[in-house]
Amino acid sequence: MRTGKTSKTALNPEGMPRHIAIIMDGNGRWAKKRGLSRSIGHREGSRVLKKIVEECYNLGIRYLTVFAFSCENWSRPKEEVDQLMKLMMEYLKNSENELRGKPVRIRVIGDRSGLPADMVSEIERVERNTAHLEGLDLIIAINYGGRQDILHACKKLAEDYKNGRIAESEITMGALADRLWTAGIPEPDLLIRTSGEIRFSNFLIWQSAYAELYFTDVLWPDFTKKHLHEAIVHYQGRQRRFGGL
C-alpha cells in the first residue's frame, strides 16, 4: 500500500523495529529533475545513507539492511555501473572513519563471485575489522537478488543432502533460511521503499514474508531523519499477527 500522511505521534522507544530494510530508490530521478547527471544523484544518495545509518544507531535499531546494487543493475550503462562501484568502494573504505567510533558492524550480502577482486578484498577487510562490534549491524546488499539468494540456498541444500550432511527429514524452511546469504540475520520488521514505486524489485523476498511495508514518494536523496521517523511511527501503528489472531 502507498502511505498517506503520517501521524505526528512521537516514536515509542518500546516499540522500535529490530530490523529495518530499505530500497534506496530515486537517485536518478532526483538528478534528472535538477538537470544533473545520474552519478551526482548516486553520490547524493550515498551521503544520505550515512545520515540514516547514524540515526538508526541513535534510535537503537539493531539491524539495517540497504539495497545498494542488484544482480539486475549490471544491465545499466557501463559508465553508471562504474560510478556505482566507485561509490561503494569509497563507502567501504571510509565507513569506519565516518562512523566516528560508533560500534557498527558492517556485513555484505550477495554474490561476491561477480564483483571486482579489489572490492571483495575491501569487503573482507571491513567485515573482519568490524566483526566484534555490537551496536548496529549494517548489512549492505551488493550484487544481490532475492531469487538468486533462494536459488543459491537450494543448491547448498541439494549439495548437503547429496553428500549426506543433511537428511531429507531435516530439509525445512529453517534449513533453507540457514543457507541464505542472510543466515544469522533476523527477518526485517519494516521494509521501506522510496521514490513512489510499489514493489520489492527482487529484494529480500523470502525474508520479508511478514515485514510491514512502507512506501513513500520521497526520492532517496531527499529522505531525511524525519522521513525515517514517520516510517517507524507508521510501523508502530500496525498490529503484527503473523497469520494468527
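The values are calculated or read from the model by the stated rules, or taken from the named source; none is laboratory data. All figures in this text were calculated on a predicted structure; none of them were measured in a lab. Note that we place each Cβ from the backbone using ideal geometry, even for glycine, and neighbour counts take in every protein chain shown.
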Task: Test set (1) surrounded by fewer than 14 Cβ atoms within 10 Å (Cβ to Cβ); (2) of a type in the set (A, V, I, L, M, F, W, C); (3) under 17 Å from Tyr144 (Cα atoms) - Ile198 fails condition number - done: (3)
Task: Enumeration of residues in region 165-181 that are surrounded by fewer than 16 Cβ atoms within 10 Å (Cβ to Cβ) and assigned to a loop (DSSP other than H, G, I, E, B) - done: Arg165, Ala167, Ile171, Thr172, Asp178
Task: Residue list for region 141-186, filter: closer than 28 Å to Met24 by Cβ and charged (D, E, K, R) - done: Arg147, Asp149, Asp178, Arg179
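For region 85-111, which positions are among the small types (Gly, Ala, Ser) and at pLDDT below 95?
Residues of region 85-111 among the small types (Gly, Ala, Ser): 95, 101, 110.
Passing the criteria: Ser95, Gly101.
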TODO: Could you run through region 21-43 and say how many residues are outside any helix (DSSP H, G or I) and more than 26 Å from Trp181 (Cβ to Cβ)?
DONE: 4
Open item on the list: Looking at Arg29, Arg62, Arg47, Arg2 in this structure, which one is under 15 Å from Ser195 (Cβ atoms), modelled with pLDDT of 95 or more and among the charged types (D, E, K, R)?
Closed with: Arg29
Task: Tyr210 being assigned to a loop (DSSP other than H, G, I, E, B) and free of Cβ contacts under 8 Å to residues at least 40 places away in the same chain - done: yes
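Restricting to region 153-164, what's the tally of residues that are surrounded by 16 or more Cβ atoms within 10 Å (Cβ to Cβ) and of a type in the set (A, V, I, L, M)?
Our first condition is that a residue be surrounded by 16 or more Cβ atoms within 10 Å (Cβ to Cβ); within region 153-164, this holds for 153, 156-157, 160.
Next, from what is left, pick out any that are of a type in the set (A, V, I, L, M): 153, 157.
Residues in region 153-164 being surrounded by 16 or more Cβ atoms within 10 Å (Cβ to Cβ) and of a type in the set (A, V, I, L, M): 2 in total.
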Open item on the list: Any residue that is in a loop (DSSP other than H, G, I, E, B), within 23 Å of Ser95 (Cα to Cα), out of contact with any helix residue (DSSP H, G or I) (no Cβ under 8 Å at 6 or more places or on another chain) and in contact (Cβ under 8 Å) with a residue 60 or more places away in the chain - is there at least one of those in region 219-233?
Closed with: no
